[in-house]
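The values are calculated or read from the model by the stated rules, or taken from the named source; none is laboratory data. Everything numeric here is computed off the predicted structure, so don't read it as measured data. Don't worry about glycine lacking a Cβ; one is built from the backbone with ideal geometry, like all the others, and counts go over all protein chains shown.
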Amino acid sequence: MSLSRNTLLHTFGAEAILELLSPFLQDDRVRRFEAAVEARLENVWLVVENLYDPHNGAALVRTAEALGLLNVVFIQTAPVKDGLPGKGGRHLSHKITIGAERWMSVREFDAFEKAREFFAPLGLTHLAAVAPQTDIGNDHVSFRRAPVPLESLEVPAACALWFGNERLGLSQEAVDLADASFTIPMWGLTQSLNLSVSAGIALTSICGRVRQRLGRSGDLSPEARRRWLARYVLESVDRPESLLRETTSRLGRPWPEPVSAPVERP
């Protein structure tokens, strides 16, 4: 049975993967990966609760990847569009994501409590995106503290931005979990925005302020940058296991015992 890319990464380690597989890629592609990894933010997360339209989910992943995020979480406890079951899948369209989920971690939970348990040890500040108070989308939830405009939101060192269902917004559970909530001010007659547009506006603002505070484009450690770079190289070569077997054999190196990869990546 062939080994997954994730298993290959954990079996060989980042440095060996880069040494053995980078020569199979054009230099400019590797440099592009290096620039992208340098700008990644692992401490800004995007969380989406009860997405209705899978195409919106795909657009959200693509937006998050383009802005340099590494972590997207979908919490799906309700059905999605066209009768597809909400539990057990994002139903992302590869044509829309253009493979963006290959370059980041996209996690899924089919129960809110599972997501809460996952987030508990991470030390993130949770920021809930809500519609303007004039919008009927907020009628089903109550707030401990009034939402603030996006530009007035205090940005912590590590945070998760939460966005809810396209029509109903976030659940009361999500609002209660949040440390703060915010709105995107709208000055025109239209008082609603597409979900991916809202996320793009908020993430651009938050990521910009995080990068300004960091004084650099990304927050990964040198070790994490090498792991993600190795992941990108693995994702970009065809038949990585075959290439590794051929290369190690040619160099007279033994084939290592496979190391089981954890669920999370890399």
I need the full set of residues from the range 156-194 which are polar (S, T, N, Q) and modelled with pLDDT of 90 or more, in order please.
S171, Q172, S181, T183
Scan of the range 1-55 for residues that are under 20 Å from L69 (Cβ atoms) and without any contact (Cβ under 8 Å) to a residue 60 or more places away in the chain, ordered by number
R32, A35, P54, H55
Where the second residue is in a helix (DSSP H, G or I) and surrounded by fewer than 14 Cβ atoms within 10 Å (Cβ to Cβ) and the first is among the charged types (D, E, K, R) and lies in the range 183-204, which pairs have Cβ atoms under 7 Å and are six or more apart or on separate chains?
none
Which residue out of L51, L70 is modelled with pLDDT under 95, outside any helix (DSSP H, G or I), at negative phi and crowded, with 20+ Cβ neighbours inside 10 Å?
L51
Any residue that is assigned to a loop (DSSP other than H, G, I, E, B) and among the hydroxyl-bearing types (S, T, Y) - is there at least one of those in the range 206-226?
yes
Test: S142 is surrounded by fewer than 18 Cβ atoms within 10 Å (Cβ to Cβ), modelled with pLDDT under 95 and small (G, A, S):
yes
Cβ contacts < 7 Å: first residue under 14 Å from S2 (Cα atoms), restricted to the range 229-243; second residue modelled with pLDDT of 95 or more and of a type in the set (F, W, Y), any location; separation 6+ or different chain. Result?
L243/F24
When residues of the range 249-263 are filtered for being β-branched (V, I, T) and within 11 Å of F12 (Cα to Cα), how many remain?
1
For T63, state whether it is farther than 30 Å from R253 by Cβ and outside any loop (DSSP other than H, G, I, E, B).
yes
Return yes or no: is A64 crowded, with 21+ Cβ neighbours inside 10 Å and either farther than 22 Å from L229 by Cβ or free of Cβ contacts under 8 Å to residues at least 24 places away in the same chain (or both)?
no
For A35, which of the numbered conditions (1) at pLDDT below 95; (2) among the aliphatic types (A, V, I, L, M); (3) surrounded by fewer than 17 Cβ atoms within 10 Å (Cβ to Cβ) fails to hold?
(1)
Would you confirm, using the coordinates I've provided, whether R231 is under 21 Å from L127 (Cα atoms), among the basic types (K, R) and in a helix (DSSP H, G or I)?
no
From the list G200, G208, exactly one residue is surrounded by fewer than 14 Cβ atoms within 10 Å (Cβ to Cβ) and within 18 Å of the chain's Cα centre (by Cα). Which is it?
G208
What residue, among those in the range 91-111 that are assigned to a loop (DSSP other than H, G, I, E, B) and at pLDDT 65 or above, is nearest to the chain's Cα centre (by Cα)?
M104
